Amino acid sequence: MIPTAGGTTPEGNPQGREDCPELARIIEMIAQENPLQKKRIEGFLNTRGPEYWSFAEGLSQVLNHSFITSDAARAEAARAYNKMCMDFLSEQIRFKKTGKYRIENSAEAVTHVYNDLDVMRYYMVGLLVSYMFWPNHYELFRFFLNNLPDGSIDRYLEVGVGHGLFSSTMLSTYPDVAGICIDISETSIKTAKETLKTFQADPDRLTFIHGDYLTTEIAAARDAGGFPFIIMGEVLEHVNDAKAFMDRTKDLLAPGGTVYMSTCANCPALDHVYHFHSAQEIRDLMAASGFRIVDEFAGAAENIPEEDWEKELVTVNYCALLEHA
Ligand SMILES: C[S@@+](CC[C@H](N)C(=O)[O-])C[C@H]1O[C@@H](n2cnc3c(N)ncnc32)[C@H](O)[C@@H]1O
């Protein structure tokens, strides 16, 4: 049994779609903006098992009662999700022709995405919604929940906190944990704080650091002898030097600690820079930085046999639980 988003069970402990009125509101909102999306979502929902409904209804409750509290906010959120889907699709079409990502340096992403409040806002709200409706994103979050540290932990680090779903879940799951969240985008930090509020998590338990993970001092790590748990979801593909990111993560991980990381191969986006060509390339990088893969998930975004993923430039979503080798 996996905990629900935020660690709380939504009203009525939903067992099936008929128990999910908040989820239905989100789907209707998206459909009004783009009926085709509704068809895709329906296809996904038809294949869901029992644990999905609690998660999706819980997250929908959060969205409906925080980000989407007025008609204007509903329209904005629907646009955010649809726009993010369209952006991914058009980048995908371009990538299949060129074999290359649009930008080659993360400085471009900082200027055109992370520092652009409007772009970053729709991107983060859209990404949050995608954990409910994109099959592979849901699998990433499910993997995260299933691989949370056993017992209690007193501290953790999240790199690239983004929309805040993962840290909100940490605070709800571990009553005594304190977290450090670092992100290069101020909009991400603001959005994460809003998500936390909705999960009724105490923001004082988190310290937010606005800065580049590679160059910003994280004094708490030095003082406490490293972190027993580090979360780094969907960040490596955004940076120039993924190896330097993993090397730093290795240095900040306490002895016996674990890392949840996710990234993707052949996954073009407005702000993706580091191009992994296959899941194996990701595994090799983890090994080169001194990590052992305890468990992993790798899933293709298209229904194509695994031996053809690399040749056909198929997007592969990947996540792993790591420990010191
Ligand atoms: C796609 S979001 C990931 C959000 C969330 N962690 C998840 O797994 O869905 C990537 C986040 O990484 C942040 N980021 C990118 N480069 C960074 C860097 N060099 N240092 C810190 N944060 C960075 C971005 O601002 C953004 O909030």
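The values are calculated or read from the model by the stated rules, or taken from the named source; none is laboratory data. These numbers were taken from a predicted model, which means no experiment stands behind them. Every residue, glycine among them, receives a Cβ derived from its backbone with ideal geometry; neighbour counts consider all protein chains shown. For accessibility, only protein heavy atoms count, side chains too; no ligands or nucleic acids. Shrake-Rupley method; radii C 1.70, N 1.55, O 1.52, S 1.80 Å.
Quick notes on this structure:
- Residues of the stretch 129-167 that are on the phi < 0 side of the Ramachandran plot, within 11 Å of the ligand (Cβ to nearest atom) and in contact with a Ser or Thr (Cβ under 7 Å, 6 or more places away or on another chain): His137, Leu140, Glu158, Val161, His163, Leu165.
- Qualifying residue in the stretch 73-88 (condition: open to solvent by less than 40 Å² (accessible area, probe 1.4 Å) and touching a residue at least 60 places away in the same chain (Cβ under 8 Å)): yes
- Residue count, the stretch 43-69 (criterion: open to solvent by 50 Å² or more (accessible area, probe 1.4 Å) and either over 18 Å from His137 (Cβ atoms) or not in a loop (DSSP other than H, G, I, E, B) (or both)): 4
- Check on Leu313, in a loop (DSSP other than H, G, I, E, B), closer than 24 Å to Val161 by Cα, of a type outside the set (S, T, N, Q) and open to solvent by 30 Å² or more (accessible area, probe 1.4 Å): no
The rows are residues; the columns are (1) closer than 28 Å to Leu45 by Cα; (2) open to solvent by less than 10 Å² (accessible area, probe 1.4 Å); (3) without any contact (Cβ under 8 Å) to a residue 40 or more places away in the chain.
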{"residue": "Asn105", "(1), (2), (3)": "no, no, no"}
{"residue": "His112", "(1), (2), (3)": "no, no, no"}
{"residue": "Tyr131", "(1), (2), (3)": "yes, yes, no"}
{"residue": "Asp150", "(1), (2), (3)": "no, no, yes"}
{"residue": "Gly164", "(1), (2), (3)": "yes, yes, yes"}
{"residue": "Lys193", "(1), (2), (3)": "no, no, yes"}
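- Residue match in the stretch 231-246 (condition: within 14 Å of the ligand (Cβ to nearest atom) and free of Cβ contacts under 8 Å to residues at least 24 places away in the same chain): no
- Test result for Phe141, aromatic (Phe, Trp, Tyr), over 24 Å from Asp295 (Cβ atoms) and surrounded by 19 or more Cβ atoms within 10 Å (Cβ to Cβ): no
- Among residues of the stretch 200-220, those that are within 15 Å of the ligand (Cβ to nearest atom) and under 20 Å from the mean Cα position of the chain (by Cα), counted: 9
- Of the numbered criteria (1) modelled with pLDDT of 85 or more; (2) farther than 15 Å from Ile180 by Cα; (3) within 17 Å of the chain's Cα centre (by Cα); (4) open to solvent by 10 Å² or more (accessible area, probe 1.4 Å), the one Lys243 fails is (3).
- Subset of the stretch 91-103 [of a type in the set (Lys, Arg) and surrounded by 11 or more Cβ atoms within 10 Å (Cβ to Cβ)]: Arg94, Lys96, Lys100, Arg102
- Filter pass, Lys311 being farther than 16 Å from Leu214 by Cβ, without any contact (Cβ under 8 Å) to a residue 60 or more places away in the chain and basic (Lys, Arg): yes
- Flag for Ile184 being within 14 Å of the ligand (Cβ to nearest atom), open to solvent by less than 20 Å² (accessible area, probe 1.4 Å) and at pLDDT 90 or above: no
- Of the criteria (1) assigned to a helix (DSSP H, G or I); (2) under 27 Å from Phe276 (Cβ atoms); (3) of a type in the set (A, V, I, L, M, F, W, C), which one Ile103 fails: (1)
- Long-range neighbours under 9 Å by Cβ, at least six apart or interchain, first residue under 14 Å from Lys83 (Cα atoms) within the stretch 30-43, second aromatic (Phe, Trp, Tyr) and modelled with pLDDT of 90 or more: Ile30/Phe133; Gln37/Phe133
- Test: residue in the stretch 220-229 that is surrounded by fewer than 18 Cβ atoms within 10 Å (Cβ to Cβ), part of a strand (DSSP E or B) and of a type outside the set (A, V, I, L, M): no
- Tallying residues that are aromatic (Phe, Trp, Tyr), open to solvent by less than 30 Å² (accessible area, probe 1.4 Å) and more than 9 Å from the ligand (Cβ to nearest atom) within the stretch 114-126 yields 0.
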